[in-house]
Amino acid sequence: MTLAHIPKQKGVYALIVEVPHQCFIQIGKLGGFLFKPAYYAYIGSAQGGLYMRIKRHLNEKKKKHWHIDYLLKKTEVRNIVFSITAERIECRVAQRLISRLPYLPGFGVSDCKCESHLFYHPQKERLIKEVVTAFSPYLCTVVPALEP
């Protein structure tokens with residue numbers, strides 16, 4: 001799959017990233033986190049369009065602006081889950097995941113009142129299943145890691 005397969009419409013997405021080894025990462029002003037080896041799902045909104053937002057996330061040469069930028073500098077995106085919608089459902093998705101998966105408190109929530117927008121699980125398939133379930137009733141698509 002290539003970036004050209006990502007739609008240009010507004011939407012909500014989850015980046016599935018792998019942290020293969022335990023590592024400490026400083027996340028801007030939020031502070032440092034010890035990341036366990038696992039798969040992580042970051043829930044975000046792309047009101048300017050899925051294509052442009054995901055393209056930015058995959059660009060290795062970018063200014064660090066969001067919490068996820070610090071994590072992506074040290075990890076690999078393995079899958080992307082997205083739903084085409086003009087509704088801002090990212091907080092709804094995150095709220096559903098709070099009770100179902102472990103999470104990093106305060107990650108990705110500087111513009112909302114959620115506890116977190118970053119969740120993890122040691123099994124990628126289980127993490128993706130939980131994310132897809134949390135998107136319901138909105139239809140979503142799961143794609144493999146993208147080639148530049």
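The values are calculated or read from the model by the stated rules, or taken from the named source; none is laboratory data. Note that the structure is a prediction, hence the values are computed from the model and not measured. Cβ: placed from backbone, ideal geometry, glycine included. Neighbour counts: every protein chain shown. Areas reflect the complete protein model, heavy atoms only, side chains present, ligands, DNA and RNA absent. Shrake-Rupley method; radii C 1.70, N 1.55, O 1.52, S 1.80 Å.
Tabulated values for the structure
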| read-out | value |
| --- | --- |
| Total lysine pairs whose alpha carbons fall under 13 Å of each other in the range 41-112 (8 or more apart, or interchain) | 6 |
| Estimated Rh, the range 1-67: Kirkwood, alpha-carbon pairs, angstrom | 13.5 |
| Sequence-distant residues sharing a close amide H with residue 27 (under 5 Å, placed H) | 32, 33 |
| Which of 45, 83, 17, positive extreme of dipole for the chain (C-beta unit charges) | 45 |
| Simple spin-label estimate for residue 100 and residue 62 in nanometres, 7 Å along Cα-Cβ | 2.6 |
| Carbon + sulfur, % of accessible area of the range 1-71 - ligands and nucleic acids excluded, 1.4 Å | 54 |
| Per-residue SASA entry for residue 90, accessible area with 1.4 Å probe, Å² rounded to 10 | 20 |
| Per-peptide average of other Cβ atoms within 10 Å, ordering 39-45, 118-124 highest first | 39-45, 118-124 |
| Cβ-placed point charges (K, R +1; D, E -1), dipole of the chain about Cα centre in debye, nearest 20 | 280 |
| Loop trypsin sites (Lys or Arg not before Pro), the range 1-77 (other Cβ atoms within 10 Å of the site Cβ: 16 or fewer; DSSP) | 8, 61, 62, 63, 64, 73, 74 |
| For the chain, the spread of Cα positions along each principal axis, largest first, Å | 35, 35, 29 |
| FRET efficiency, 1/(1 + (r/R0)^6) with R0 25 Å, evaluated for residue 36 and residue 138 via beta carbons | 0.30 |
